1. List residues of region 77-96, by number, whose backbone nitrogen lies under 15 Å from a label position 7 Å along Cα→C-beta of D9.
2. Would you please state which residues of region 109-135 a label at S25 would reach in this model, taking the label point 7 Å out along Cα→Cβ and a backbone N cut-off of under 20 Å?
3. R129 label point, 7 Å along Cα→Cβ, cut-off 20 Å on backbone N: hits in region 80-105?
4. Would you work out the relative contact order for region 73-174, in percent, from Cα pairs under 8 angstrom that are 6 or more residues apart?
5. What's the ranking of 46-53, 132-139 by average number of surrounding C-beta atoms within 10 Å, highest first?
6. May I have the convex hull volume per residue, in Å³, for the Cα set of region 2-173?
7. Within region 1-110, list the GluC sites (Glu not before Pro) lying in a DSSP loop whose Cβ has at most 11 other Cβ atoms in a 10 Å radius.
8. Suppose only helical runs count, i.e. DSSP H with n ≥ 4. What mean residue ellipticity at 222 nm does that imply for the chain under -39500 (n - 2.57) per run, divided by all residues and rounded to the nearest 500 deg cm²/dmol?
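Where a number appears in this text, it was derived from the coordinates with a stated rule and is not lab data. Since the structure is predicted, the reported quantities are computational estimates derived from the model, not experimental observations. Cβ coordinates were reconstructed from backbone atoms using ideal geometry, including for glycine residues, and neighbour counts include every protein chain displayed.
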Amino acid sequence: MVSRALRFDGTGNYELGCGGRNPASANPFAKSKRGKPGTKYADCSGFVAWCLGYDRVQGLSTTGEEWYSTSAMLDDALKPGGLFTKLTLTTEVLPGDVIVYPAGEDPKGKKHKYGHVGIITSVKPSFVRLGERWWDNLWITHCSTGGESAIRTGNAKLWADRGGYIIRYDAISK
């Protein structure tokens with residue numbers, strides 16, 4: 001799963017609602033829903049769904065949403081028996097875990113219309129979740145707006161600023 005994510009670092013275009021529909025596909029992308037040229041479009045939850053190997057729309061949402069969004073992933077992790085489990089402060093964070101923040105108000109009081117999600121692709125051996133600058137110890141591959149390519153790898157500061165959660169897709173560990 002991590003190699004799937006890293007293989008597309010530096011590629012693609014962002015478009016909300018695109019990508020992640022065919023986990024057997026060679027890539028996470030789809031045609032633009034807005035008629036833009038080309039076929040290399042995805043959004044963050046579509047990219048993560050494809051990396052995890054499931055269709056973001058059909059059959060897996062336990063939250064009643066039509067498609068698996070960032071908020072749906074977190075809602076699922078916060079209840080027992082879902083597809084994801086929220087990690088506790090004592091759980092070892094591993095490459096392949098998912099980092100997410102939901103839509104809504106962040107810890108600083110700023111409102112966000114959409115959440116964001118990415119795959120943890122590297123964890124420094126000295127990682128400790130508590131303390132200053134923990135985000136510098138986690139490298140995340142995600143699909144995001146802005147920049148020349150949508151899929152990129154960086155540290156987890158964005159999630160730290162917006163009150164992110166680390167969750168684990170339970171099908172990976174079973």
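1. 95-96
2. In region 109-135, the label zone of S25 (backbone N under 20 Å from the point 7 Å along Cα→Cβ) covers 117-119.
3. 80-103
4. Relative contact order comes out at 32 percent.
5. In descending order of packing, they fall as 46-53, 132-139.
6. 121 Å³
7. Those satisfying the criteria are E66, E92.
8. -4500 deg cm²/dmol
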